Amino acid sequence: MGGVLVVSGFFRLYRLKDLFFFSLDEEVIAFQVRQIITGVHFPAIGVNAADTGLYLGPFYFYLAGPFFWIFRGEPVAGAVLAALIGVVTTGIVFKVGERLFSFGVGAVAALIHAISLPVVLFERKFFNPTPGILISALILWCLAEIKIGRRQYWYGLVLCLGAILHINLAFGVYFVIAALWLWRSRFRPTRREIIGGMIALGIFVWPLVFFDLRHQWFLSKEVISTLESGSKTLNLSSIKVMKPLVFLSKVPLMHLASSNVIDEFSTGPAVTKNLPSGLGIGLLIASGLWLVGTKKNINLKLMITALLISGLALGMYPGFVQEYYGMVMVVPYLLLLARFLKAYSLVGGVVVATLIMLNMIQLVTIYNPHGLKRLEALRSKILQETKGQKLNLLRAGSANYGWGMTYLLTQRGYPPNASFEDPILGFLYQHEKTKADEENFLVFVVSTRESIDAWIVP
């Protein structure tokens, strides 16, 4: 198993700055973390939960704090944190598979998680949902332990469920999965366990309550507003279900029409844009037929139930569903896929070996025009040309290859006098700005990727 963890670390650390996205999502969080480590502000609330009107907790900001402090605020801290989370997740996926099925199933599931390019690129992201797969795996691990009588895992389960309020609301379906699993396991918490569970849950809830008390019940009003509009948004949508399923088809191997990551993924969350993977669809169909024809043990039934419930829940998500929300379904899917491949050991071994080789080729050949390494080169060029002079950061047309530059300049002590990102980020670094004389500032215009690349490397 140690070898699988090494492979997982390699896939997440190789070309660390090249493939690490540092765009608007990461920039918002980086500024929040910067405020924490400099003592400017200690937020009690996180980012908006995409397109729902609700807000997440600030746990991820504080989790990233020590890493940014060690790396002196450089964004590579976020890359290291994300990579570490991914490697730990690989280990937990193994533990869940081993507990529910066998050592072999756990090892295969962990190996596919370690090498899956869509999963790897998602887990190289520095934003709130990054720990989502880890949290879902921990929840399933705790449930598996509770099922065999280890009641102390109840507290870990409640802690993980509370963490969802700080990660991504799409993972909220695990409250339902946990309730069904506990019911099926005939688990009845004692009074002491209920009180302890409430305390554990309170660790993650209290920052939101504190914020609500100080801001005239702002969060409560948002929740009520979302519930009132629920009749319009909570209807089951086949389109919302299909997007995560398309993502799952790419987990074994992503179809790449281009080596440019941006052609396959959005500049924000890892949202695949291209066609489903043919191999992935084949494995989905084959494993589905196998499930129909095999004798299902209770653990297999529980994984199938978790997969179906999470898929249906995404179809009723109250906001816009991105393809990467399929991450909610990844752990049950990996375990079912590994169980299928293990049942046909020879064919399964060939499939896994093929996946390792093809994902390795993709990892080596893809490139990311929004990568941190490129942005740092652009920052160095700007500082070299301006020689410390204040500047305005503008952009031409719809060019978006300057996302991240406001933070990078501010982190080095040269916050822009004005930036095209100010409508979103201005309040996060306003205190660091020093106004320049109107006749004594430079203007840097972010234009096309090609022109920027030509300027960086003449």
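Dividing the radius of gyration of the alpha carbons in region 111-216 by their Kirkwood radius gives 1.03 for Rg/Rh.
For region 1-86, the spread of Cα coordinates along the three principal axes comes to 41, 32, 24 Å, biggest extent given first. The modelled label-to-label distance for the pair A353/F218, using points 7 Å beyond Cα in the direction of Cβ, is 5.8 nm. Rounded to the nearest 0.05, the FRET efficiency derived from the C-beta distance between I195 and Y344 at R0 = 30 Å is 0.05.
Report note on the peptides 78-84, 212-218, 304-310: ranked by the mean count of other C-beta atoms within 10 Å, highest first, their order is 78-84, 304-310, 212-218.
All of the numbers you see were taken from the coordinates with simple rules; none came from a lab. On a predicted model such as this, the values are computed, not experimentally measured, just so you know. Cβ sites come from the backbone with ideal geometry, for glycine too, and all protein chains shown count toward neighbours.
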